[in-house]
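The structure appears right after this line, and notes come after that.
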Amino acid sequence: MLIKVNARNIRNDLVKKIEDISGQNVFDCYQCGNCSSGCPVVDYMDISPNQVLRLSQYGEIDEILNSETIWICSTCLQCSSRCPKGIDVAKIMEAFRTVNLRKGVGVVNPSQLDTTDAKQLPPILLVCAMRKMTG
Amino acid sequence: MNAFEPKIVCFLCKWCTYAGADLAGTSRIKYPPNGVVIKTMCSSRIDPEHILYAFQQGSDGVFIGGCHPGDCHYQTGNYKTQRRVLLLKRMLKQMGINPERLKLEWISASEGNKFANTMIDFTEKIRNMGPVPKLSGKEDK
Amino acid sequence: MKKIGVFICHCGVNIKDTVDVEYLTEKLADYKGVEHIENYMFMCSDPGQNLVKEAIQENKLDGVVIAACSPTLHESTFQNAIEEIGINKYQLEIANIREQCSWVHTSREEATRKAELIIKTAIEKLRLNQSLEPVTAPLTKRVLVIGGGIAGIQAALDIADGGYEVVLVEKKPSIGGHMIQLSETFPTLDCSQCILTPKMVQVGKHKNIKLYVNSQVAAVDGFAGNFTVTINRKAQYVDPDKCTLCGDCTDSCPVVTPCEYDEGLAWRRAIYVPFPQAIPATFTIDTENCLGFEPIACGECKKACEPGAINYDAKPQTFEEKIGAIIVATGYDLYPVENMAEYGYGKYPDVLNGLQFERILSATGPTGGEMLRPSDGKVPKEIVFVQCSGSRDPERHLSHCSRICCMYTLKHAKLYKHKVPDGQPYIFYIDIRSGGKRYDEFIQQAVSEDGVVYIRGKVAKIYQEGDKMIVHGMDTLTGKKMEICADMVVLAQGIVPSEGVHELVKTLKLGVDDVGFLIEAHPKLRPLESLQSGFYIAGAAQGPKDIPDTVSQASGAAAKILALFSHDEIYHEPIIAIVDEDKCSGCGICIGTCPYGARVLENGVAMVNDILCEGCGACISACPSGAAQQKNLTDQQINSMIKVILG
Amino acid sequence: MNLPYYPGCTLKANARHFEDSAQKALAKLDCELEEMKDWVCCGTVFSMTTDDLMLQLASIRNLLRAENQGLKEIIVLCSMCYNTLKRSQDFITRDQENLDKVNKFMYMENLKYSGSIEIYHLLTILKDRITYDKIKEKVKTPLKKLKVGAFYGCLLVRPEEFAIDDFESPTIIENLLDVLGAESIDFPYKLECCGAYQTLTKQEVSIKRSYEILKSAHNSGCEAIITSCPLCAYNLDFLQKRIEEDFVEFVKLPVFYFTELMALALGEKWSGEWSKLHHVDPEQLLRDKHLI
């Protein structure tokens, strides 16, 4: 895929929005990759966490909003706890989810859930998933 | 009647801003002649009393140029200057002098352009503010 | 009143075209104190200088103002000229009417008006200038070098070879520092001990070098050129003159303790030689681990020592040395990666730090140079190297780049491949910094020919499974997570100032940064000196450095001192602070503002130490009573300049 | 000693044995969990946005009610509730403006929340207030030769500022196990994520994660693992039958709440009711070790 880098796109309004919601500066990142190294679910992601930061620095926010990655992230905070620059990467992931959720875009639709194990499911599981992933 | 031409006293540290002003000269960058320079070893040599004296003697603006943070030839002189200037600006207000008439800028020996631009902007600003009020005079706008 | 001469230069057309020099000559002739005024085409030329000199003699002038180009160009030219005819060089002022006037303004009328003000300020300042002489003090031509690593060794040898006495103080029982622990050195792969031991021997034998080992600097009094240094030496239980190095004492010692030289990978006795090539070559008793001799708990070594070199009654000693200049070369330590639980250092025996790996590579190391891992003595077939372990991590560890790790890690990988040709080294890196001479070539070759695999990413976690070390990392270039089952892991730990530096700098009153590295007088222009006059810096005490840079800096600091010693007295610029003792209230505010420690309270008066004062003026503007003044830039001078500008 | 207690939803549902065993164990230590009144769901996950106060409401409502009931602190067993309540409390008390706004949202409660409630996990109380020394005295049936791995997961140790112990190498649960006479096993995956709520949408993620954690525990010699998170317990316990289908060499491990083993060691009888809520049989191992 081609990224057209230009002055308008870098630090565009969507980047600012992500920074506002997360309270993080995406330009702090120097791409050591520690967030991805420690991520327990990175194998299921289409964009790794360090690439999320990198794309954000270019202003390529849409690509992240449409990615699997932000929904695979389970906020275990391993990335945030080890970032050498103190970036709370999990908060950035949450910001991307939030931008989608506020537009009504989510990946959990309560009416279409598989109910096979429904009785076994602990309440916290359902509430969690819906809070994080239902638009 | 002649338009108002402000008088400005410039204190420049020898190592950075004075050299920056020299560079503006060797690069032939033009700026207004209102500021006249007093050279000091370090911006931290400038006593708030000198600044007050300048205003009292009718200086419409006072400019101080020092080295960028971390570049001070004497390690921390510029930080001392910054603290003194911040405090003095608050006092100026109480004395009825617009604190904007006092300007501190970090200009390195390689920033001839910045020196000239600073002089242009500061002179223009002071020109718009009009003459400095007499100390003890009415409120300054 | 002072008779002043004013000389206005045309500088060809450079000044004359914009500034009306004839008008100024006429106008300023009547200005207060001006005895003589003239203008000339090129004042800096020989005829121009002669014109100034003749005018001084003819009119018996006390001082001169040269209105010309910037003082950076010709101030010294004219100072020399007037000194030739017996006028003090501080009776000269330059009015900068070229760079700061004729070249930057267009209106002839305005430029002339401004030039007039500039010349008047120069006259006003000159009117109150005093004749000054450089500040001088006697100079003791002896040097103290603190730290016996490669930096201290190099500096000591250069100065000693230059003919001056050196006092070298080392905290440990031998000189050699960390360099003597290294196997081979990048990028040439020559053996560290082969190039260092001859220098150590030279230090031991040099007639101009006095060596104190097991010693520390306890106090430094006085000032640049005239320090009195107090050195504390631990008790010397083994007399080096009697000791024959037979080794019977070590053989009889029942104590076993981890060996520092081998970074804890081997053992030593409580009476020991730190390593075979130690200088001074003698035994030392490690009192912390010795069973003790007050009362004598064991006494085996003394019984075993035939020449009777062991004396349990020896006491610590204190020495005093007169010193003119001091070089601080205290080196570095590794950042304690025990702090990093996710890397398992200290928990897993096969996770090592860089210095431990050096010992395994070294022919004098615990494995005799064979590549064997500590846990089970097997040959590691795959090794993971982790760079930036603790470095570049402002959030949790060190914010700085430790600078040498990129190169030594690659050297490790290469040397490993030499020893285990079918072995596979992996290097996790964030960025590669290979700016030294032939450094990048060294890396390129390793990647294309030696089979070193570089992986761009930071390692998150290391743990043991069976006899393997599992390393979780990331290749940020492919965006893929990496898992490597390695036999051994080497952490390139960050570099921090050596232990004990914090106390030392308090004793020496030197500035350090937030990590504890010494601050140089100027980061670009005075990198070999401390801000404190008389102190010089060499090696990693200033910041992480490789061997070539350390040696360069050490020789540079030595050269600085040799230049200093080429004079019989120490002197510097007299534009410094001065105190009116009658006005000083002794409040001491100035003391806190002085970055050089030049202001001191004596009998209730804040005096100035002329040698230490650099003349910045910070204390003067801080002085609430106006007791402090700067020579030739007094408050009165500044105010009269302000007045004339606004006049 | 009475301990004001916030249970949370799951301890009244799938994790009833967690609550029951905790109460019984604490009774042996002369302590009682006193359930606070009118509690509601904690919100289960902390919202990490800077600008979404609504998502903090559920947590804060509980804290407000606790304050109104005259409590100074609440003790939490569930790791998720602990983490969410603790972080919401921190978020809301950092900024008076936020606290005021949240109070306005909750006008129905009549009283306002001042921000005074302290939140503790039971593990912290056991270590600091009841103390391990006292527990050691009360151990009746030491869990001899039972090799147990302590699984912390994410929420007890991250973020660092709310961790109940060192966030990279905690030992608080291991130390408790040792006090109970068991053999605690340190295994590399004890701080890893179990896949959490991915179970709902991408169960393969949770299966893989749980498999790796259980394998790591097994390879390190664990015969069982303990947790204090009902979501971890669900993934690690319930999903084992799925893991078995995907990974042939997989060895099942029983998963306990730490309170179950604590109750057992303190002399409480193992309850068949607890076993019913387990998915992997817990009794065989306990029988093998002559603990029941």
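Before moving on, here are some points about what is shown:
- Filter result (in a helix (DSSP H, G or I) and in contact with a Cys (Cβ under 9 Å, 6 or more places away or on another chain)) within segment A:10-36: A:Asp28, A:Asn34, A:Cys35, A:Ser36
- Close pairs from segment C:14-25: first in the same structural domain as C:Arg108 (by TED's automatic domain parsing), partner of a type in the set (Asp, Glu) and modelled with pLDDT of 95 or more, Cβ under 6 Å, at least 6 apart: C:Leu24/C:Glu116
- The sole residue among C:Val489, C:Val471, C:Val496, C:Val501 that is within 14 Å of chain D (Cβ to nearest Cβ) and within 30 Å of C:Ala541 (Cβ to Cβ) is C:Val489.
- Subset tally (residues that are more than 20 Å from the chain's Cα centre (by Cα) and touching a residue at least 40 places away in the same chain (Cβ under 8 Å)) for segment D:29-59: 4
- Selection of segment C:75-99 for residues being within 14 Å of chain B (Cβ to nearest Cβ), under 37 Å from the mean Cα position of the chain (by Cα), part of a helix (DSSP H, G or I) and surrounded by 22 or more Cβ atoms within 10 Å (Cβ to Cβ) yields only C:Glu99.
- Single residue of C:Gly604, C:Gly588, C:Gly597, C:Gly592 found to be under 20 Å from B:Tyr79 (Cα atoms), surrounded by fewer than 13 Cβ atoms within 10 Å (Cβ to Cβ) and either at pLDDT 90 or above or not hydrophobic (A, V, I, L, M, F, W, C) (or both): C:Gly592
- Under the condition of being small (Gly, Ala, Ser) and within 10 Å of chain D (Cβ to nearest Cβ), the residues counted in segment A:119-135 number 1.
- Candidates C:Val229, C:Val256, C:Val213, filtered to the one that is out of contact with any strand residue (DSSP E or B) (no Cβ under 6 Å at 6 or more places or on another chain), modelled with pLDDT of 95 or more and either of a type in the set (A, V, I, L, M) or not assigned by TED's automatic domain parsing to the domain that holds C:Arg599 (or both): C:Val213
- Of residues in segment C:510-564 being away from chain B (no Cβ under 14 Å) and among the basic types (Lys, Arg), the one nearest to C:Asn226 (Cα to Cα): C:Lys560
- One residue from C:Ile578, C:Ile570 being part of a strand (DSSP E or B) and either more than 14 Å from chain B (Cβ to nearest Cβ) or without any contact (Cβ under 8 Å) to a residue 40 or more places away in the chain (or both): C:Ile570
- Set side by side, the residues C:Ala137, C:Ala111, C:Ala115 differ, and just one is surrounded by fewer than 24 Cβ atoms within 10 Å (Cβ to Cβ) and touching a Cys at 6+ places or on another chain (Cβ under 8 Å), which is C:Ala111.
- Within segment D:261-292, the set of residues being hydroxyl-bearing (Ser, Thr, Tyr) and either in a loop (DSSP other than H, G, I, E, B) or buried (at least 20 other Cβ atoms within 10 Å of the Cβ) (or both) comprises just one member, D:Ser271.
- C:Asp582 charged (D, E, K, R) and surrounded by fewer than 18 Cβ atoms within 10 Å (Cβ to Cβ): yes
- C:Thr121 being touching an Asp or Glu at 6+ places or on another chain (Cβ under 6 Å), of a type in the set (S, T, N, Q) and in a helix (DSSP H, G or I): no
- Looking only at segment C:506-552, residues that are of a type in the set (A, V, I, L, M, F, W, C), modelled with pLDDT under 90 and outside any loop (DSSP other than H, G, I, E, B) come to 3 in all.
- Test for D:Ala27: is it hydrophobic (A, V, I, L, M, F, W, C) and more than 11 Å from every other protein chain (Cβ to nearest Cβ): yes
- Qualifying residue in segment C:343-361 (condition: surrounded by 14 or more Cβ atoms within 10 Å (Cβ to Cβ), more than 14 Å from chain D (Cβ to nearest Cβ) and hydroxyl-bearing (Ser, Thr, Tyr)): no
- A:Ser56, sole failed condition from (1) hydroxyl-bearing (Ser, Thr, Tyr); (2) facing another protein chain (nearest Cβ under 7 Å); (3) touching a Phe, Trp or Tyr at 6+ places or on another chain (Cβ under 9 Å); (4) in a helix (DSSP H, G or I): (2)
- Residues in segment C:616-647 that are part of a loop (DSSP other than H, G, I, E, B) and surrounded by fewer than 24 Cβ atoms within 10 Å (Cβ to Cβ): C:Pro624, C:Ser625, C:Gly626, C:Ala627, C:Lys631, C:Asn632, C:Leu633, C:Thr634, C:Gly647.
- Residue list for segment C:145-198, filter: assigned to a helix (DSSP H, G or I) and within 19 Å of C:Phe565 (Cα to Cα): C:Gly152, C:Gln154, C:Ala155, C:Ala156, C:Leu157, C:Asp158, C:Ile159, C:Ala160, C:Asp161
Let's see how each residue does on (1) more than 12 Å from every other protein chain (Cβ to nearest Cβ); (2) more than 22 Å from D:Cys229 (Cβ to Cβ):
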| position | (1), (2) |
| --- | --- |
| D:Lys12 | no, no |
| D:Arg16 | no, no |
| D:Lys37 | yes, yes |
| D:Val40 | no, no |
| D:Asp52 | no, yes |
| D:Leu63 | yes, no |
| D:Thr84 | no, no |
| D:Gln96 | yes, yes |
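- For segment C:307-320, the condition holds for no residue, the condition being that it is within 20 Å of the chain's Cα centre (by Cα) and touching a residue at least 60 places away in the same chain (Cβ under 8 Å).
- One residue stands out among those in segment C:43-72 that are assigned to a helix (DSSP H, G or I) and without any contact (Cβ under 8 Å) to a residue 24 or more places away in the chain: the one that is nearest to the other protein chains (Cβ to nearest Cβ), which is C:Thr72.
One line per residue, one yes/no per condition, for (1) farther than 30 Å from C:His397 by Cα; (2) within 14 Å of chain C (Cβ to nearest Cβ); (3) out of contact with any Phe, Trp or Tyr (no Cβ under 9 Å at 6 or more places or on another chain); (4) buried (at least 20 other Cβ atoms within 10 Å of the Cβ):
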position	(1), (2), (3), (4)
A:Cys39	no, yes, yes, yes
A:Thr75	no, no, no, yes
A:Ser111	yes, no, yes, no
A:Thr115	yes, no, yes, no
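- Hits in segment C:451-468 (condition: in contact (Cβ under 8 Å) with a residue 24 or more places away in the chain and away from chain A (no Cβ under 14 Å)): C:Gly451, C:Val452, C:Val453, C:Gln464, C:Asp467
- Yes/no for C:Ser399 being surrounded by fewer than 24 Cβ atoms within 10 Å (Cβ to Cβ), more than 12 Å from chain A (Cβ to nearest Cβ), hydroxyl-bearing (Ser, Thr, Tyr) and within 27 Å of C:Val515 (Cβ to Cβ): no
- Strands (runs of 3 or more DSSP E) (entirely within segment C:347-442) containing at least 3 residues that are more than 30 Å from the chain's Cα centre (by Cα): C:382-389, C:424-429
The values are calculated or read from the model by the stated rules, or taken from the named source; none is laboratory data. Quantities reported herein were computed from a predicted structural model and do not represent experimental measurements. A quick note on method: Cβ atoms are made from the backbone with ideal geometry, for glycine too, and the neighbour counts reach across all protein chains shown.
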